[in-house]
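A short worksheet on the structure shown next.
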Amino acid sequence: MCGIVGVLGKGPVAELLVDALKRLEYRGYDSTGIATVADRGIERRRAEGKLRNLELLLRSEPLPGNAGIGHTRWATHGKPSEANAHPHMTGDVAVVHNGIIENFRELKAELLAEGAPFTSDTDTEVIAHLITRELRDGKDPIAAVHKTLSHLQGAFALAMIFTGHDDLMIAARQGSPLAIGYGDGEMFVGSDAIALAPFTDNIAYLEDGDWAVINREGAEIRDQAGAVVDRTVTKSHAAGLVVDKGNFRHFMAKEIHEQPEVVGHTLAHYVDLANYRVSLPDLPFDFSNVSRLSLSACGTAFYACFVAKYWFERWAKLPVDADIASEFRYREIGMEPGGAALFVSQSGETADTLASLRYCREQNQHVLSVVNVRESSIARESDAVLPTLGGPEIGVASTKAFTCQLTVLACLAIAAGKARGTISPERETELVKALVEVPRHMAEILRDESPYEALAHSLSKARDVLYLGRGTSYPIALEGALKLKEISYIHAEGYAAGELKHGPIALIDESVPVIVIAPQDELFDKTVSNMQEVAAREGKIILVSDADALRAGCAVQTRLAVPTVHPFVSPLVYAVPVQLIAYHTAVFMGTDVDQPRNLAKSVTVE
Ligand code: AGP
């Protein structure tokens, strides 16, 4: 994840910016930079590699100015280099950015046609040129930014400074978190409270769609329409922490809301966003030479494997064995030497998954792992690692790690299809574009949690809850049931909707909520039949869909709206509603959401 900081100080800010960036190093980065408003206009210093390199540069080339912004970059568009490091600027404005501008290609083409002098491969630079165009059109910086924001599509956080404006900083939030720090005659902006802890503990968090006009007296926060809104200033306790809850009640809530940002980051690590192509590091095997792929994991990570099974088999025509690791490790199946085995784990320390990995090594398999903790045991014992860039996941219930795992596995499935000649360049563009839109769709769902808070009241009374889904929604039904039971302690079960008549329908009566995961895809009508079977037996249907309740043709107690998305990415997007159902039910029931009873974040024993 990139890190953003901004300071309107009483004195020179270069060192303050570097101090704040040091507290964002935990997010991972490959280059850094700062820019300030100096007498001669905006000045900038950038360096590839660690923050130390920037500090050395500043020692030889100090940066004056009492207003400035800074950035730690994790390369998305364009390789790690000084030229691609933020801030990006023109003679009028400098900007730092965290996230993805989905439509940057079209905007860049338009600006290039107007002669804008681009100097980087990044999507961020488009923002600097758009604002400059508006300024040159005669708008003041506030109007220029407001107009520019209306052109941008995607999930992002921004901070901007302007030539000739020593007491102005503008910040904007669309999917990626951003905090404002209130000092005494100084003001600050940061990706989180941790970055701002050295300066202030008075923090306000921007909501999605907010943008803030900041001077040393304070901040005027506006919504997307430009109306002034009020965001509460709270006392942060982030001073001593490396990770903190921000303005969320629980780490789980924060991590659910981080998904637009971290899924966007993970995606940008595995795709060439400029050309909508997957671009993976070298793998220990060639997908065109393997006849089967073995996937193994536990819990939520297993459900990510289960979704991936559908993707590999449908898009790469590659048969997949997806196994729960605690079963796989004892089955002692014979495996063709030189085969491919993939392991998924947030912690990278799950005992059963590690044991399965070791079994596959003994069977002379090529071992690939998808982990969130790069220096973990599973990562160390793999031939190659594909990291999820989820950042630390503190809540025991896995949320952002799951959707980042799905992101990596989706890119891998596309790469497999390309290698096996089952995915054309046009299809690759279609599937990668669908992935690029996921952060925005997730942010849309996260804008309004009130339907989930309302549902929690009725769900909390249930003894048993059934989740149904077909196709890639079936593993999401399993994941939804796991989320609910592990943090609310209500018994829940996920089932393939088509299996209802083979037994589970006996459970249905007016006391059983049935949560149906049903995007309007090719299986939707089949699932409608299952809903009607449930309704005929007084089951209480909660429909999670982009279809309205009328499409169900039966009584639906609650419909949880989801944006219409490409079927390929529905598991990623529909993961958010099932996480929110579980979270709000658990909060209503007063259980320990972040550390549920009997559970550990990483099961390092059998
Ligand atoms: C998920 O919410 C659970 N906390 C649990 O099932 C978890 O996914 C499982 O233990 C696997 O952990 P790992 O991803 O660290 O291997």
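The values are calculated or read from the model by the stated rules, or taken from the named source; none is laboratory data. This is a predicted model, so every value here is computed, not measured. Here the Cβ positions follow ideal geometry from the backbone for every residue, glycine too, while neighbour counts run over all protein chains shown.
A few points about this structure:
- Number of the exception - Glu43 against (1) modelled with pLDDT of 95 or more; (2) touching a helix residue (DSSP H, G or I) at 6+ places or on another chain (Cβ under 9 Å): (2)
- Among the residues making up the range 76-104, those that are under 27 Å from the mean Cα position of the chain (by Cα) and surrounded by fewer than 20 Cβ atoms within 10 Å (Cβ to Cβ) are Gly78, Lys79, Pro80, Ser81, Glu82, Ala83, Asn103.
- Here Ala549 passes the criteria (1) more than 20 Å from Gln579 (Cβ to Cβ); (2) within 16 Å of the ligand (Cβ to nearest atom) except the one numbered (2).
- Any hit, the range 105-120, residues being of a type outside the set (D, E, K, R) and either closer than 20 Å to Leu8 by Cβ or crowded, with 24+ Cβ neighbours inside 10 Å (or both): no
- Residues that are of a type in the set (D, E, K, R) and either in a strand (DSSP E or B) or farther than 12 Å from Thr122 by Cα (or both), drawn from the range 76-101: Asp92
- Of all the criteria given as (1) without any contact (Cβ under 8 Å) to a residue 60 or more places away in the chain; (2) hydrophobic (A, V, I, L, M, F, W, C); (3) outside any helix (DSSP H, G or I), the one not satisfied by Leu550 is (3).
- Scanning the range 356-396 for residues that are of a type in the set (Gly, Ala, Ser) and without any contact (Cβ under 8 Å) to a residue 60 or more places away in the chain, we see that the one that is surrounded by the most Cβ atoms within 10 Å (Cβ to Cβ) is Ser369.
- Helices (runs of 4 or more DSSP H) within the range 348-450 that include 2 or more residues modelled with pLDDT of 95 or more and within 13 Å of the ligand (Cβ to nearest atom): 351-362, 400-419
- Taking the conditions (1) within 21 Å of Pro141 (Cα to Cα); (2) free of Cβ contacts under 8 Å to residues at least 40 places away in the same chain in turn, Val96 satisfies each one other than (2).
- Residue tally, condition buried (at least 20 other Cβ atoms within 10 Å of the Cβ) and in a loop (DSSP other than H, G, I, E, B), over the range 121-131: 2
- Candidate set: the range 471-499, residues that are among the β-branched types (Val, Ile, Thr), surrounded by 24 or more Cβ atoms within 10 Å (Cβ to Cβ) and more than 11 Å from the ligand (Cβ to nearest atom); chosen: the one farthest from Thr591 (Cα to Cα): Thr472
- Pairs linking a residue in the range 237-248 that is under 11 Å from Leu196 (Cα atoms) to a residue that is at pLDDT 70 or above and not aliphatic (A, V, I, L, M), with Cβ atoms under 6 Å and 6 or more positions apart or on different chains, are Ala238/Asp244.
- Within the range 132-172, tally of residues that are surrounded by fewer than 24 Cβ atoms within 10 Å (Cβ to Cβ) and closer than 24 Å to Val438 by Cβ: 6
- Subset of the range 52-77 (residues that are of a type outside the set (Gly, Ala, Ser) and farther than 27 Å from His165 by Cα): Arg52, Asn53, Leu56, Trp74, Thr76, His77
- Members of the range 277-299 found to be over 13 Å from Gly339 (Cβ atoms) and hydroxyl-bearing (Ser, Thr, Tyr), listed by number: Ser279, Ser288
- Residue, farthest from the chain's Cα centre (by Cα), within the range 396-421, restricted to residues that are of a type in the set (D, E, K, R) and more than 18 Å from Val271 (Cα to Cα): Arg420
- Subset of the range 295-322 [within 16 Å of the ligand (Cβ to nearest atom) and among the hydroxyl-bearing types (Ser, Thr, Tyr)]: Ser296, Thr300, Tyr303
- Hey, Glu258 of a type in the set (Asp, Glu) and within 16 Å of the ligand (Cβ to nearest atom) or not: yes
- For first residues located in the range 124-137 and under 17 Å from Gly99 (Cβ atoms) and free of Cβ contacts under 8 Å to residues at least 24 places away in the same chain, partners that are not in a helix (DSSP H, G or I) and not hydrophobic (A, V, I, L, M, F, W, C) and lie 6+ apart or on another chain with Cβ distances below 7 Å do not occur.
- The range 443-486, residues that are under 19 Å from Asp509 (Cβ atoms) and free of Cβ contacts under 8 Å to residues at least 24 places away in the same chain: Lys461, Ala481
- Ala219 among the small types (Gly, Ala, Ser), farther than 28 Å from Ala67 by Cβ and modelled with pLDDT of 95 or more: no
- Scanning the range 446-470 for residues that are buried (at least 18 other Cβ atoms within 10 Å of the Cβ) and of a type in the set (Ser, Thr, Tyr) returns Tyr452, Tyr467.
- Residues that are among the β-branched types (Val, Ile, Thr) and outside any helix (DSSP H, G or I) were ranked within the range 451-501; the one that is farthest from Thr558 (Cα to Cα) is Thr472.
- All positions within the range 323-347 that are over 24 Å from the mean Cα position of the chain (by Cα) and either near the ligand (Cβ under 8 Å from one of its atoms) or part of a helix (DSSP H, G or I) (or both): Ala325, Ser326, Glu327, Phe328, Arg329, Tyr330, Arg331
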